[in-house]
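Everything below concerns the one structure shown next.
The values are calculated or read from the model by the stated rules, or taken from the named source; none is laboratory data. Bear in mind the structure is a predicted one, so any value in this text is a computation, not a measurement. As a convention, Cβ positions derive from the backbone with ideal geometry for all residues, glycine included, and neighbour counts pool all protein chains shown. Heads up: the accessible areas ignore ligands, DNA and RNA and are worked out on the full protein's heavy atoms, side chains in. Shrake-Rupley method; radii C 1.70, N 1.55, O 1.52, S 1.80 Å.
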Amino acid sequence: MASEVHEASGPTAYIVHHLTDLKVGEGFWTFNIDTLFFSALTGFIFIYVFKKVADTATSDVPGPLQNFVEMIVEFVDAQVKDSFHGRSALIAPLALTIFCWVFLMNAMDLLPVDLLPGIASLFGIPNLRVVPTTDLNETFAMSISVFFLIIFYSIKVKGPIGFAKEMLLTPFGPWLMPFNLLLKLVEELAKPISLGLRLFGNMYAGELIFILIALLPWWVQPALSFPWAVFHILIITLQAFIFMVLTIVYLSLAHEDH
Amino acid sequence: MSIIATLIGQIITFGLLVWFTMKFVWPPLMQALEERKKKIADGLAAGEKGKQSLDLADKKAKSFLKDAKNQAAEIINLAQKRANDLAEEKKEAAKQEGERIILQARSEIDREIHQAKEALRQQVGALAVSAAEQILRREVDINKHKEIIDNLGNQLGQA
């Protein structure tokens, strides 16, 4: 049916169709059902697997699944210990959640572009975007959460006065207070924006290229989509890793007292 | 492509995921890892200890073996000495026995010589008497000279 739509309305319509969310609601109170559903699904997969391992975790010889999970946990733990020197019960689990969740959401990218939307159209669902990280709402949801955590920990560690001092008096001293504030605001706001946009941009572009490849004749597609998918395995892991590491770095900066 | 209420939903999802991980996933996993770390460390320490005690036992066994060898050598020496002594004793005893036998034989010989001499003397006496009888039969009455002949016989017997 997707190909019929494509033939009927041309490549632009095909692309737009693939990049249109399944929406409910009006104006601001619009919910992208597909983003919510697939992010919850991948989140559930992550939680289910890790909870299962955590419940049966033994200190004896681990099974293959526990081994795999432990490998990820130790990898994340090593990253956290590298950058963050304080003690926090939140940061390591946060980093683990970000890494695994983002990775799984990104991995939805590797499914054939028409597979899930095609199946959905059989059930009368007109639009479906299967990769939640190609939705700005998803990436900004995470980066804004991280931003609030940065603010929270900055105030918690340095105290309201310490935080205010840092915002007003650095880097140029008391005589340039407004300028300092402006600089600091830009610096702080750039963190969530760059964090959210980086992930969104990478995944959106990647998905777009998959869609473009899908527009080519069928005999050209494997030659292009296979290398791009292989390359994308690297991209999805790398983006998950970058999001995690930057979160750790930002939060450890928030913990540092000047 | 606009920021809409989905954002709020995603923030809630994200928060729930982080909360769940923090509460139920991270601590047991970290605990298992710590426990395993400790177990491995303990195992390595035990292995090291076992190796040391093995070395010790090896040394002990070697010293035992050495002692046993020394003892065995000592016992063998003693036994050899004892055997030598015994052989010497036997030799001595045999020598004495031999001498005793020789002495006995010698005395036997002496006795037999004596007996032979005695017999010879009696025979010679008898011979002399018979010879004298034959000589004297012609001129001497046996009854007349009986005393002389007896006397002579006695004298010969004494000699």
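Taking the numbered list (1) under 30 Å from residue A:144 (Cα atoms); (2) open to solvent by less than 100 Å² (accessible area, probe 1.4 Å) in turn, residue B:16 passes all entries but (2).
Going through (1) at pLDDT 90 or above; (2) in a loop (DSSP other than H, G, I, E, B) one by one, residue A:75 falls short only on (2).
With respect to the stated conditions, residue A:193 is under 21 Å from the mean Cα position of the chain (by Cα), more than 28 Å from residue A:44 (Cβ to Cβ) and within 14 Å of chain B (Cβ to nearest Cβ).
Kindly check whether there is at least one residue in region A:43-55 that is among the hydroxyl-bearing types (Ser, Thr, Tyr), under 20 Å from residue A:203 (Cα atoms) and at pLDDT 80 or above. No: region A:43-55 contains no residue that is among the hydroxyl-bearing types (Ser, Thr, Tyr), under 20 Å from residue A:203 (Cα atoms) and at pLDDT 80 or above. In summary, residue A:207 fulfils each of the numbered conditions (1) within 12 Å of the chain's Cα centre (by Cα); (2) within 14 Å of chain B (Cβ to nearest Cβ) with the single exception of condition (1). Return the only residue of A:197, A:224, A:234, A:176 being in a helix (DSSP H, G or I), touching a residue at least 12 places away in the same chain (Cβ under 8 Å) and either out of contact with any Gly (no Cβ under 8 Å at 6 or more places or on another chain) or of a type in the set (A, V, I, L, M) (or both). Being in a helix (DSSP H, G or I), touching a residue at least 12 places away in the same chain (Cβ under 8 Å) and either out of contact with any Gly (no Cβ under 8 Å at 6 or more places or on another chain) or of a type in the set (A, V, I, L, M) (or both) holds for just one of A:197, A:224, A:234, A:176, which is A:197. Of the numbered criteria (1) outside any loop (DSSP other than H, G, I, E, B); (2) open to solvent by less than 50 Å² (accessible area, probe 1.4 Å), the one residue A:128 fails is (1).
Take the residues of region A:237-258 that are of a type outside the set (A, V, I, L, M) and in a helix (DSSP H, G or I): which is farthest from the chain's Cα centre (by Cα)? The selected residue is A:255.
If I go through region A:56-72 residue by residue, how many of them are open to solvent by 50 Å² or more (accessible area, probe 1.4 Å), in a helix (DSSP H, G or I) and over 26 Å from residue A:242 (Cβ atoms)? If you could, list the steps in order and put the result at the bottom.
First pass over region A:56-72, keeping only residues open to solvent by 50 Å² or more (accessible area, probe 1.4 Å): A:56, A:58, A:60-61, A:64-65, A:67-68, A:71.
From what's left, in a helix (DSSP H, G or I): A:56, A:64-65, A:67-68, A:71.
Remaining after also requiring over 26 Å from residue A:242 (Cβ atoms): A:56, A:64-65.
Of the residues in that region, 3 qualify.
Each row is one residue, and each column tells you yes or no for (1) among the aliphatic types (A, V, I, L, M); (2) out of contact with any Lys or Arg (no Cβ under 6 Å at 6 or more places or on another chain); (3) within 14 Å of chain A (Cβ to nearest Cβ).
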{"site": "B:20", "(1), (2), (3)": "no, yes, yes"}
{"site": "B:27", "(1), (2), (3)": "no, yes, yes"}
{"site": "B:49", "(1), (2), (3)": "no, yes, no"}
{"site": "B:55", "(1), (2), (3)": "no, yes, no"}
{"site": "B:65", "(1), (2), (3)": "yes, yes, no"}
{"site": "B:71", "(1), (2), (3)": "no, yes, no"}
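If you check residue A:144 against the conditions, is it open to solvent by 30 Å² or more (accessible area, probe 1.4 Å) and either under 30 Å from residue A:86 (Cα atoms) or of a type in the set (Val, Ile, Thr) (or both)?
yes
Given the structure, is residue A:102 under 13 Å from residue A:203 (Cβ atoms) and either β-branched (Val, Ile, Thr) or away from chain B (no Cβ under 11 Å) (or both)? Criteria met by residue A:102.
Just one of the listed residues (A:76, A:53) is facing chain B (nearest Cβ under 9 Å) and either surrounded by 19 or more Cβ atoms within 10 Å (Cβ to Cβ) or polar (S, T, N, Q) (or both), namely A:53. Taking residue A:28 as the residue in question, decide whether it is within 23 Å of residue B:10 (Cα to Cα), among the hydrophobic types (A, V, I, L, M, F, W, C) and surrounded by 21 or more Cβ atoms within 10 Å (Cβ to Cβ). So residue A:28 fails the test.
Of all the criteria given as (1) hydroxyl-bearing (Ser, Thr, Tyr); (2) touching a residue at least 60 places away in the same chain (Cβ under 8 Å); (3) within 7 Å of chain B (Cβ to nearest Cβ), the one not satisfied by residue A:83 is (3).
Applying the condition of being facing chain B (nearest Cβ under 9 Å) and closer than 23 Å to residue A:107 by Cβ to region A:56-73 and asking which residue is farthest from the chain's Cα centre (by Cα) yields A:66. Counting only residues that are closer than 30 Å to residue A:39 by Cα, more than 7 Å from chain A (Cβ to nearest Cβ) and of a type in the set (Gly, Ala, Ser), region B:29-47 holds 0 of them.
Taken over region A:79-102, the criterion of being farther than 16 Å from residue B:30 by Cα and surrounded by fewer than 19 Cβ atoms within 10 Å (Cβ to Cβ) is satisfied by A:82, A:83, A:85, A:86.
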